[in-house]
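*Asks:* Before we start, here is the structure in question, set down as structure tokens.
The values are calculated or read from the model by the stated rules, or taken from the named source; none is laboratory data. Since the structure is predicted, the reported quantities are computational estimates derived from the model, not experimental observations. Every residue, glycine among them, receives a Cβ derived from its backbone with ideal geometry; neighbour counts consider all protein chains shown. Ligands, DNA and RNA are excluded from the accessible area calculation, which covers all protein heavy atoms including side chains. Shrake-Rupley method; radii C 1.70, N 1.55, O 1.52, S 1.80 Å.
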Amino acid sequence: MTSRPAAEQRLRDLALLRRVRDRIDREYAQPLDVEALARGVNVSAGHLSRQFRLAYGESPYSYLMTRRIERAMALLRCGDLSVTEVCFAVGCASLGTFSTRFTELVGVPPSVYRDQAARATAGMPPCVAKQVTRPIRNQEAPAAKPHLT
């Protein structure tokens, strides 16, 4: 049986993690790192990373990069900006890191995605396009089992 103080502490910890996640969602384009996020809630970077992973299934850095890539996907679908402009607009400082991470999460490089997504989502409302194009981490996606008939 869980004691009341332990349960209350767990709720406080979850509220703290929600604040970190909300800050990432709001400030994804700003220069953020785990140390800065941890300082914002007065905990160590290691503790924040461990607790965030337990609560959300991924590290704060991974969550931040996923938000950045989701926003980059939306900007690339519009087609108004170059890949380099999109990279810096979403808060990435390195085009190489951005392209590598984008390819890991989406499965194709940003330039290829822009060409494919522009055709695939033409005429689709942006809210629907965002949902159907949400990135899935390739290394975490379950492998499809062969269907034998």
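*Asks:* Looking at region 97-129 only, could you name the residues that are outside any helix (DSSP H, G or I) and not aliphatic (A, V, I, L, M)? Quick ask: steps written out before the conclusion?
*Replies:* The initial filter retains those residues of region 97-129 that are outside any helix (DSSP H, G or I), namely 107-109, 121-125.
107, 109, 121, 123, 125, listed by residue number.
*Asks:* Here's another thing I want to ask about it. Let me spell it out: the conditions are (1) touching a helix residue (DSSP H, G or I) at 6+ places or on another chain (Cβ under 9 Å); (2) among the acidic types (Asp, Glu); (3) at pLDDT below 95; (4) loosely packed, with under 14 Cβ neighbours inside 10 Å, and residue 85 meets all of them except one. Which number is the exception?
*Replies:* It is condition (3) that residue 85 fails.
*Asks:* For region 1-96, which fully contained helices (runs of 4 or more DSSP H) count at least 2 residues that are within 15 Å of residue 110 (Cα to Cα) and in contact (Cβ under 8 Å) with a residue 40 or more places away in the chain? Before you say what the answer is, go through the steps one by one.
*Replies:* Values: elements: 4-27, 34-40, 45-56, 60-78, 83-89.
Qualifying helices (runs of 4 or more DSSP H): 60-78.
*Asks:* Sticking with this structure for a sec: Report, by residue number, each residue of region 53-82 that is surrounded by fewer than 18 Cβ atoms within 10 Å (Cβ to Cβ), over 11 Å from the mean Cα position of the chain (by Cα) and farther than 15 Å from residue 29 by Cβ.
*Replies:* Within region 53-82, 53, 54, 55, 56, 57, 78, 79, 80, 82 meet the criteria.
*Asks:* Filter region 88-105 for residues that are surrounded by 20 or more Cβ atoms within 10 Å (Cβ to Cβ) and touching a Cys at 6+ places or on another chain (Cβ under 6 Å) and give the result.
*Replies:* Within region 88-105, 98 is the sole residue that qualifies.
*Asks:* Does region 107-120 contain any residue that is open to solvent by 100 Å² or more (accessible area, probe 1.4 Å) and modelled with pLDDT under 75? Talk me through it step by step, then tell me what you get.
*Replies:* In the first step, residues of region 107-120 are kept if they are open to solvent by 100 Å² or more (accessible area, probe 1.4 Å); the result is 119.
The next check asks that each one be modelled with pLDDT under 75; those that pass are 119.
The answer is yes, given that some residue of region 107-120 is open to solvent by 100 Å² or more (accessible area, probe 1.4 Å) and modelled with pLDDT under 75.
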